[in-house]
Structure formats: structure tokens, C-alpha cells
1. Give the residues of region 1-55 that are out of contact with any helix residue (DSSP H, G or I) (no Cβ under 7 Å at 6 or more places or on another chain), part of a helix (DSSP H, G or I) and buried (at least 21 other Cβ atoms within 10 Å of the Cβ), sorted by residue number.
2. Scan region 164-174 and tell me whether some residue there is over 17 Å from K2 (Cβ atoms), open to solvent by 10 Å² or more (accessible area, probe 1.4 Å) and touching a residue at least 24 places away in the same chain (Cβ under 8 Å).
3. Taking strands (runs of 3 or more DSSP E) that do not extend beyond region 301-416, which have at least 2 residues that are more than 30 Å from V436 (Cα to Cα)?
4. Within the set of pairs 6 or more residues apart or between chains, which connect a residue that is on the phi < 0 side of the Ramachandran plot inside region 314-326 to a residue that is part of a helix (DSSP H, G or I) and open to solvent by less than 10 Å² (accessible area, probe 1.4 Å) with Cβ atoms less than 6 Å apart?
5. Can you tell me which residue in region 56-96 is farthest from E115 (Cα to Cα), limited to those that are open to solvent by 50 Å² or more (accessible area, probe 1.4 Å) and in contact (Cβ under 8 Å) with a residue 40 or more places away in the chain?
6. Tell me which residues, restricted to region 209-223, are open to solvent by 10 Å² or more (accessible area, probe 1.4 Å) and in contact with an Asp or Glu (Cβ under 8 Å, 6 or more places away or on another chain).
7. Given the criterion more than 26 Å from G119 (Cβ to Cβ) and either touching a Pro at 6+ places or on another chain (Cβ under 9 Å) or surrounded by 20 or more Cβ atoms within 10 Å (Cβ to Cβ) (or both), identify the matching residue among I228, I192.
8. Please go through region 234-286 and pick out each residue that is basic (K, R) and either within 25 Å of I25 (Cα to Cα) or in contact with a Cys (Cβ under 9 Å, 6 or more places away or on another chain) (or both).
Amino acid sequence: MKKVVKFGGSSLASASQFEKVGKIIRSDVNRVYVVPSAPGKRDSKDTKVTDMLYQCYALAEAGKDFSEALEKIAERYQEIIDGLHLQLSLAEEFQVIRKNFQAKAGNDYAASRGEYLNGIIMANYLGYTFIDAAEVIFFHEDGTFHAEKTDAVLSERLKTTERAVIPGFYGAMEDGRVKTFSRGGSDITGSIVAKAAKADVYENWTDVSGFLIADPRIIKNPEAIETITYRELRELAYMGATVLHEDAIFPVRKAGIPINIRNTNAPEDKGTWIVESTLQKAKYTITGIAGKKGFCAVSIEKDMMNSEIGFGRRILQVFEDNGISFEHMPSGIDTMTVLVHQSEFEEKEQSIISGIYKATEPDNVELESDLGLIAVVGRGMKSTRGTAGRIFAALAHANVNVKMIDQGSSELNIIIGVKNEDFEAAIKAIYNIFVVAQV
């Protein structure tokens with residue numbers, strides 16, 4: 001058994017959090033490769049180290065004195081070192097960082113130092129080998145991830161390294177310049193390391209006990225999801241459910257490695273297992289509910305549009321020409337509706353409407369704003385009769401008017417459009433009918 005473990009910023013924000021992490025790692029000899037994030041917030045008023053680094057580098061880039069800002073960052077790390085009683089000095093590292101900031105090494109370099117320094121502390125604390133991610137994770141010249149080279153180099157390195165700490169979030173371009181993933185990219189690093197190590201499990205430790213069935217800001221103490229498939233996760237993540245960086249799925253999915261989302265502050269909780277497929281029946285008919293506000297609908301009406309070859313393509317071409325991607329496209333015999341992000345559409349509203357008239361000569365074009373989209377996702381929906389009926393009965397009982405319905409052919413999810421003001425009520429109604437009513 002071989003496990004790769006990634007710890008988020010909140011899990012490593014202080015010495016006391018480091019101690020929790022150390023206890024978790026040492027409690028299982030199979031946790032051999034560790035991927036740390038930069039220190040996160042210690043409390044709600046605190047600042048993440050990554051943000052401190054961005055602010056510090058902005059001063060350097062503007063030619064201003066950044067000494068005080070850099071010293072505050074150094075103090076954050078020294079506080080952790082002192083709290084762990086380590087015989088470790090980062091003075092030389094900070095001298096190098098100062099020189100590189102003065103030489104304007106770039107935002108990516110600046111941001112990456114949070115993980116880099118935390119990795120040095122973690123390796124020292126655990127007695128593991130430190131591997132600089134810039135030596136084993138690579139990007140193409142255009143900034144895209146170089147999967148083949150990374151997997152080859154990293155696999156070879158790990159074969160000769162029994163236990164190691166590899167900082168998350170960054171790697172290097174072909175010329176050696178540091179390049180970062182998008183924010184939250186330490187999740188991706190963990191996934192890449194798990195694939196290269198041919199790990200049996202990728203544990204992603206954060207400050208929640210896995211994925212929740214619904215947003216805790218809307219549903220008080222929602223139940224956790226025990227097991228979720230990659231396909232279900234993709235659907236929920238697309239609609240705003242965020243515990244894991246979306247791109248972290250792909251490397252381990254291809255390798256057939258399951259992900260276990262765990263809580264650093266409650267290590268006894270089993271968390272959520274993310275798997276390719278499972279015979280395990282979901283506890284409820286639905287696996288999860290997620291959604292976003294801020295959409296608008298562009299409805300095109302034209303008699304006999306279904307007999308016009310290329311009608312749909314011409315409509316979508318107008319949106320493409322204006323640089324706008326569509327989210328959903330429910331249609332009827334003489335109607336077609338395109339749902340898009342309202343903020344994007346408003347900037348180019350008249351250009352798009354004009355383009356639709358020129359391209360298709362419709363009978364009418366109607367706009368509806370302030371819509372929310374809710375995804376009800378679950379592998380159990382396929383084998384359960386009346387799921388859609390229960391959803392719409394619950395919404396009707398809650399006096400929520402449904403503006404749109406879109407169900408994928410996989411029967412894995414149902415997308416419902418409602419007015420923004422009905423968004424929270426709709427999610428509560430769906431949660432209550434499928435979860436509360438079955439408890």
C-alpha cells in the first residue's frame with residue numbers, strides 16, 4: 001500500500017496545525033509522499049501567505065521598498081519553526097527570494113515560494129527528503145502542463161526516494177522559470193504525484209470532512225457524501241461545488257487511483273471517496289445538489305425551425321463570434337433557448353440579438369434575466385422511478401416556479417432553472433424531499 005497525501009493551507013496555517021498533520025502522517029506508514037500548500041489563514045482576519053507574497057512582489061515590481069512586507073512573511077514561517085522546535089533557518093532562502101524579487105522574477109515565482117518554504121519546513125519536521133517541484137514538474141513553453149515529461153522524470157525520482165515532500169502549486173518551464181497552476185493547484189500536484197508514484201490512494205486533507213450533499217451556507221449541517229463517482233463529481237464541480245480543484249481529477253482517474261477527501265481537524269471521519277465506478281448503492285437517490293446564480297436565457301422562436309438545416313449551428317455561431325460560451329440549450333419544435341452567463345451577455349447584448357436576426361430571421365427573440373441553475377446529480381436516479389416528479393412536486397409545494405428543465409441522456413443529472421430569488425428555496429425543497437424525508 002502506497003499513499004500520497006496533500007494538505008491544504010488551512011491544515012498548515014500554524015505550528016499547532018503542523019502538529020496535527022504530523023500526527024496524521026505518522027499514524028500510517030503507507031503515507032509516504034506529502035504535498036503541502038502554503039500556510040493559509042489562522043483566523044478569519046488573517047491573510048494567506050500566498051496573498052502576502054503577491055502583495056510583497058507588487059511592491060518590488062513597482063520599484064518600492066518591500067523589506068517590511070518580506071519580513072512579515074519570514075515571521076510567519078519563523079513562528080511555525082519555533083512552534084515545532086526545529087533547528088532550521090530559512091535566512092538563506094529569504095536572501096535568494098529578495099534577490100529574485102529585485103530582479104523581477106515574476107508573479108508565478110513569487111506565489112510559488114509559499115509552498116516551497118512550507119515544503120522545506122515539512123520535510124525537516126518529518127525527516128523526509130525534500131524535492132523541489134521545479135525539478136520534477138514541467139510546463140510547455142505555452143504554459144500548458146507537460147504531462148509526459150513530468151510523469152517520466154517524477155516517476156524515476158520517486159523510485160529512489162522512499163519518503164518525500166513535494167511542494168504543491170508549481171513547476172518549471174523548459175527554460176527553468178517557475179510556473180504555477182491556477183489557485184488551488186496544490187490539489188493538481190497531489191494528483192500528479194499519485195499517478196507518478198503509482199499510489200493506491202490519493203488522500204486530500206482539508207478543513208471539511210469530504211463533499212457535502214448541499215451547500216452548508218444554504219442547508220444547515222447537510223449530510224456528507226460517502227462515495228461519489230468521477231462523473232458525478234464533474235457535474236457538481238461544474239455547478240459550483242468546490243472542495244477539490246477540478247483539474248486534479250484527470251491524472252488519477254486515468255490511473256484508476258481513488259481520491260479520499262479527509263478533514264485534518266477530524267481525522268477520525270472517513271470523508272468522501274471519489275472513485276471511477278462503484279457497486280456501492282448511494283445512501284439517497286441523489287448524490288448531491290449544486291448550483292449557480294447569474295444566468296440569462298435567450299429564447300428564439302420561429303415556425304418550422306426544426307426543418308431548417310443548420311438553424312442551431314447558426315444561432316451558436318453568433319454566440320461564438322461574440323466570444324460567449326453557452327451553458328445549456330433546451331429546445332422545442334419551434335423554440336430554442338440558449339442559457340449564458342448574464343454578466344458576459346450584457347456587454348454584447350445588442351450585437352448578439354442583431355446577429356441572431358441576421359443569421360436566422362426569427363419570428364421573435366425573448367430575453368429573461370436573473371436566473372439560477374441547479375444541478376441535481378446522482379447515479380441512483382437512473383434506477384429510481386419518479387425522481388423528476390418528486391423534484392417538481394417539491395418545488396411546486398415550495399411555490400418555486402421552474403423556468404427551465406434539462407436532463408442529460410446519461411440520466412445522471414437534471415438541471416433546473418429558477419429565478420435568482422427562488423434559488424435557495426429550491427435547493428432546500430430538493431434537499432428536504434430526498435434527504436430529510438428519508439432520514
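The values are calculated or read from the model by the stated rules, or taken from the named source; none is laboratory data. All values reported here derive from a predicted model rather than from experimental measurement. As a convention, Cβ positions derive from the backbone with ideal geometry for all residues, glycine included, and neighbour counts pool all protein chains shown. Only protein heavy atoms, including side chains, enter the accessible area calculation; ligands, DNA and RNA are left aside. Shrake-Rupley method; radii C 1.70, N 1.55, O 1.52, S 1.80 Å.
1. Hit for region 1-55 is G9, nothing else.
2. Restricting attention to region 164-174, the residues satisfying the condition of being over 17 Å from K2 (Cβ atoms) are 167-174.
Subset that is open to solvent by 10 Å² or more (accessible area, probe 1.4 Å): 173-174.
Retained after the next criterion (residues that are touching a residue at least 24 places away in the same chain (Cβ under 8 Å)): 173-174.
Within region 164-174, one or more residues are over 17 Å from K2 (Cβ atoms), open to solvent by 10 Å² or more (accessible area, probe 1.4 Å) and touching a residue at least 24 places away in the same chain (Cβ under 8 Å).
3. On the way: elements: 335-341, 364-377, 404-407.
Result: 335-341, 364-377.
4. Here the result reads R314/T360; V318/I352; V318/I356; N322/I352; F326/F319, each pair linking region 314-326 to a residue that is part of a helix (DSSP H, G or I) and open to solvent by less than 10 Å² (accessible area, probe 1.4 Å).
5. E61
6. S209, L212, I218, P222
7. Values: I192 fails: more than 26 Å from G119 (Cβ to Cβ).
One residue alone meets the criteria, I228.
8. At the first step, the residues of region 234-286 found to be basic (K, R) are 234, 253-254, 262, 270, 281, 283.
Of everything in region 234-286, those that are basic (K, R) and either within 25 Å of I25 (Cα to Cα) or in contact with a Cys (Cβ under 9 Å, 6 or more places away or on another chain) (or both) turn out to be R253, R262, K270.
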